[in-house]
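Undergrad: Quick one: structure below, then a few questions.
Where a number appears in this text, it was derived from the coordinates with a stated rule and is not lab data. None of these values were measured; they are calculated from a predicted model. With ideal geometry, Cβ positions are generated from the backbone for all residues, glycine too; neighbour counts draw on all protein chains shown.
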Amino acid sequence: MKPLLSYLDHNKCYTYCNNAYSDYFVLPPNHLIGEPVERVLGKKNYSALVDYIPIVFDAGKEVTYRRTAYTLDDQEKRIQVTLTPHFNETGDFIGSSAYSLDVTHESNTASSIQLLTQSLPSVLAHELNQPLAIAQLYLQGCLAQLENKVQDKTAIKNAISKSLQQTERISQIINGMSQITEHSHLLLEKTSIVGLIEHALEQLAYSLSATNVRIVKTLKTPTETLNINQVLLTQALLNILYNALTILQKYKTKSPQIEIESHITEQQKTSIIIRNNGPRIPSDRAPLLFQLGCSGSPDGSGLGLWIANTILSLHQGKLALLSNEDGNVAFEMTI
């Protein structure tokens, strides 16, 4: 939503509005001029404004506030409004300008960070479980090799190296989560989209090796890059991939397959689609998938998709359930 700028006279009627304002209300500017603000905004929106009208129109003071606003199709937004009084040469109040900004994303992000901070022990347990389990399995393999009379030094060296990689990953995840909860700026780096996907699949390789799940890639972003926190975005992608892998194994899907597609949208956003051929998500769970504690599976933790969505939100992106049919369940990450 572009900034909305309008001017109200002392009778609280419009004398000016910019194109963004008229576009927002789907009315030509000349249809707004002379109209009372209450009639244009409607009762639902105007009710949030009435407390601030006296401050500007009676006391002559500037005021900035945030409120919930509703679009014509009843979508809920959070907007920040600044009302500035104007006076003539003799000091008489003649009207007020109104400058409105959409702060929905900012408000949602702040709420997500607060919730993530409150749930940090559960979040860390969820995100660190997989790398800790893999490191443990590699080290168990090392011990088994050391107990053999004939030892494969190359295999032992490789297992130790893989374990160290997982411990480094654990450190990176903790640091990434710390950046979020401490409200510091995320450390961003230019990252290849293909590289991001390949890195996630590398982390998934050990879990995949014990299954017959096939990975199919259709990557239409061979050279495109994103300015992202690679560790956190990798975790978001992994959470979706792990969910798909778990579902395919749990329901013993015939010819199980996970498809990964990337492309650039018409809005010049990066789209990464993760599709699996498992069963559909129950209809009563689908609308709540990205809420904390809600899972598409009865025995799920309800953390994975919520964490993924929070990470995407911090990158001004979003996660959506693109398709929900038997044999075609797809999630789309848009950044």
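Undergrad: Please list, in order along segment 95-106, the HN-Hα scalar couplings obtained from phi with the Karplus expression 6.51 cos²θ - 1.76 cosθ + 1.60 (θ = phi - 60°), rounded to whole Hz, x for Gly and Pro.
TA: Computed from phi, the couplings for segment 95-106 are x, 9, 8, 10, 10, 10, 10, 7, 10, 4, 4, 4 Hz.
Undergrad: Also: Averaging sequence separations of C-alpha pairs under 8 Å and six or more residues apart, then dividing by the length of segment 63-160, give the relative contact order as a whole percent.
TA: Reported relative contact order: 15 percent.
Undergrad: Sticking with this one: With a cap of 13 neighbouring Cβ atoms within 10 Å, and only residues DSSP puts in a loop, list the GluC sites (Glu not before Pro) found in segment 1-84.
TA: When the GluC sites (Glu not before Pro) of segment 1-84 are filtered for loop state and at most 13 Cβ neighbours within 10 Å, GLU62 remain.
Undergrad: What fraction, in whole percent, of alpha-carbon pairs in segment 170-310 exceed 24 Å separation?
TA: Result: 36 percent of Cα pairs exceed 24 Å.
Undergrad: Would you mind listing how long the chain runs along its three principal axes, going by Cα atoms, in whole Å with the largest first?
TA: Answer, in whole Å and largest first: 100, 40, 39 Å.
Undergrad: Turning to a different aspect of this structure: Can you compute log10 of I(q)/I(0) for segment 20-76 with the Debye formula, treating each Cα as one identical point scatterer, at q = 0.23 Å⁻¹?
TA: -1.07
Undergrad: First measure r as the distance between the Cβ atoms of ASN227 and ASP92, then evaluate 1/(1 + (r/R0)^6) with R0 = 35 Å and state the FRET efficiency to the nearest 0.05.
TA: FRET efficiency, ASN227 to ASP92: 0.10.
Undergrad: Could you work out the longest stretch of the chain that avoids the trypsin sites (Lys or Arg not before Pro) located in DSSP loops with at most 10 other Cβ atoms within 10 Å?
TA: In the chain, the maximal stretch lacking such sites is 1-148.
Undergrad: Out of segment 226-307, which GluC sites (Glu not before Pro) are coil in DSSP terms and have no more than 14 other C-beta atoms within 10 Å?
TA: GLU266
Undergrad: Next question, about the same structure. Go ahead and run the numbers for FRET between GLU182 and LYS318, Cβ-Cβ distance against an R0 of 22 Å, rounding to 0.05.
TA: The computed FRET efficiency comes out at 0.40.
Undergrad: Report the per residue volume, in Å³, of the convex hull enclosing the C-alpha atoms of segment 82-206.
TA: Looking at segment 82-206, the number lands at 160 Å³ per residue.
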